[in-house]
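Notes follow the structure.
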Amino acid sequence: MSWQPKRDFLGYGANPPDPKWPNGARIAVNFVMNYEEGSEPSVQDGEGYTETGLTEGTTSSMGLKGRDLAGESMFEYGSRAGFWRLMRAFQERGLPMTVFACALAFERNAESAAAVKASGFDICSHGWRWIKHFDLTEAEERDHIQKAVKSLTSTVGAPAGWYCRYGPSVNTRRLVVEHGGFTYDSDYYGDDLPFWQTVEGKPQLVVPYSLANNDGKYANTMSHSDQWFNLMKDAFDVLYREGAQQPKMMSIGMHMRILGHPGRTAGLWRLLDYLQSQKGVWIARRVDIAKHWAATHPYAGKGLNE
């Protein structure tokens, strides 16, 4: 039987390892910009419906048959306007971030691809398209991984990591390891620190992601930027306090069609300025966190709790 994920309720327990972040930082913070616009399920690409996930129109199109032009335009706002607003927020402050990149989306927007390639931001493959990998057959998923890497390498640069939409299939991590060339994958939400797994005898570094520290909250429970800023600040403050004894990592997820709207970008500005005012904070690209972990805590012949 092929390798399958096993559940692990233990993790590092009460005594997690010291990440030994650069310059003695108490916390490593990674911002992720999800670039999905142009790769989502759509009528034009054969799904027969318009994706409205993580937009203002999630339920507004009930009963609509065929293309939802309003839903399409909400995605287009992300690549037309939100992308540039988020890029400026980080570049004006000289801060790094990671791009979770859907390959087909960058094929359809050469200007954005060129801007990302020139930025120095690192690339994590977000799949060939923004679709649910757990709905794919093993052969289809293998093909999507191959196409994503080939495409991204030609548009924005070879991806260092892997992360698919919401949840992986039971085959995803094995297929990512089988493909090779990835420094890490982020298809996991269950920890505040990276860890190693052994996949069919090969080491795989897992750098967990977060849906809690994420602007997706705007699509569910939040209506204004103070709410999001305070949630992110509170999460940071707890991890920062814990970091005095046990340094941690914090991932913050952003979507161009959500946080790229001006009233929400205001909360991002406040958060970036707040983090920059604190001492002992390493704001880093995801690939740099992964490489630091691999160098500081190299694979020891088996993964966590194996």
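The values are calculated or read from the model by the stated rules, or taken from the named source; none is laboratory data. Everything numeric in this text was worked out from a predicted model, so none of it was measured. For neighbour counting, all protein chains shown are included, and Cβ atoms are generated from backbone atoms with ideal geometry for every residue, glycine included.
Does K150 satisfy the criteria of being over 30 Å from Q246 (Cβ atoms), out of contact with any Ser or Thr (no Cβ under 7 Å at 6 or more places or on another chain) and modelled with pLDDT under 95? Here the answer is no, as K150 does not meet what is asked. Among the residues of the stretch 286-306, those that are surrounded by fewer than 17 Cβ atoms within 10 Å (Cβ to Cβ) and among the charged types (D, E, K, R) comprise K291, K302, E306. Of all residues in the stretch 92-124, exactly one satisfies the criterion of being buried (at least 24 other Cβ atoms within 10 Å of the Cβ) and free of Cβ contacts under 8 Å to residues at least 40 places away in the same chain, namely I123. For the stretch 1-35, a residue qualifies if it is out of contact with any Gly (no Cβ under 6 Å at 6 or more places or on another chain), in a loop (DSSP other than H, G, I, E, B) and among the small types (G, A, S), and the qualifying residues are S2, G11, G13, A14.
Each residue in the stretch 155-182 was checked for being under 13 Å from H144 (Cα atoms) and of a type in the set (F, W, Y), and 2 pass. Return the residue satisfying two criteria in turn: it lies in the stretch 253-266 and is among the small types (G, A, S) and buried (at least 19 other Cβ atoms within 10 Å of the Cβ), and of such residues it is farthest from Y166 (Cα to Cα). The residue in question is G260.
Restricting attention to the stretch 136-148, the residues being surrounded by fewer than 21 Cβ atoms within 10 Å (Cβ to Cβ) and in contact with a strand residue (DSSP E or B) (Cβ under 6 Å, 6 or more places away or on another chain) number 0. The number of residues in the stretch 187-207 that are surrounded by fewer than 16 Cβ atoms within 10 Å (Cβ to Cβ), farther than 15 Å from G253 by Cβ and modelled with pLDDT of 95 or more comes to 2. If you check L239 against the conditions, is it within 30 Å of E76 (Cα to Cα) and in a helix (DSSP H, G or I)? Taking the combined requirement at face value, the residue does not satisfy it.
For the stretch 139-162, residues that are touching a residue at least 24 places away in the same chain (Cβ under 8 Å) and within 23 Å of Y189 (Cβ to Cβ) total 7. If the condition is being β-branched (V, I, T), under 19 Å from the mean Cα position of the chain (by Cα) and over 16 Å from V32 (Cβ atoms), then the stretch 105-162 contributes I131, I145, V149, T153, T155. Taking each residue of the stretch 53-73 that is under 22 Å from K132 (Cβ atoms) and looking for partners that are modelled with pLDDT of 85 or more and exposed (fewer than 15 other Cβ atoms within 10 Å of the Cβ) with beta-carbon atoms closer than 6 Å, six or more apart or interchain, yields R67/V43.
Quick grid of which residues meet (1) under 20 Å from the mean Cα position of the chain (by Cα); (2) surrounded by 15 or more Cβ atoms within 10 Å (Cβ to Cβ); (3) at pLDDT 95 or above; (4) within 23 Å of Y184 (Cβ to Cβ):
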| residue | (1), (2), (3), (4) |
| --- | --- |
| Y209 | yes, yes, yes, yes |
| N214 | yes, yes, yes, yes |
| T221 | no, no, no, no |
| A244 | no, no, yes, no |
| S251 | yes, yes, yes, yes |
| L268 | yes, yes, yes, no |
| A284 | yes, yes, yes, yes |
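Which members of the stretch 13-32 meet the condition of being under 21 Å from the mean Cα position of the chain (by Cα) and either surrounded by fewer than 22 Cβ atoms within 10 Å (Cβ to Cβ) or of a type in the set (S, T, N, Q) (or both)? Result: N30, single match. Can you find a residue that is under 14 Å from the mean Cα position of the chain (by Cα), buried (at least 24 other Cβ atoms within 10 Å of the Cβ), without any contact (Cβ under 8 Å) to a residue 40 or more places away in the chain and more than 11 Å from C102 (Cα to Cα) anywhere in the stretch 163-185? Yes, the stretch 163-185 has at least one match. Every condition in (1) on the phi > 0 side of the Ramachandran plot; (2) part of a helix (DSSP H, G or I); (3) of a type outside the set (V, I, T) holds for Y166 except the one numbered (2).
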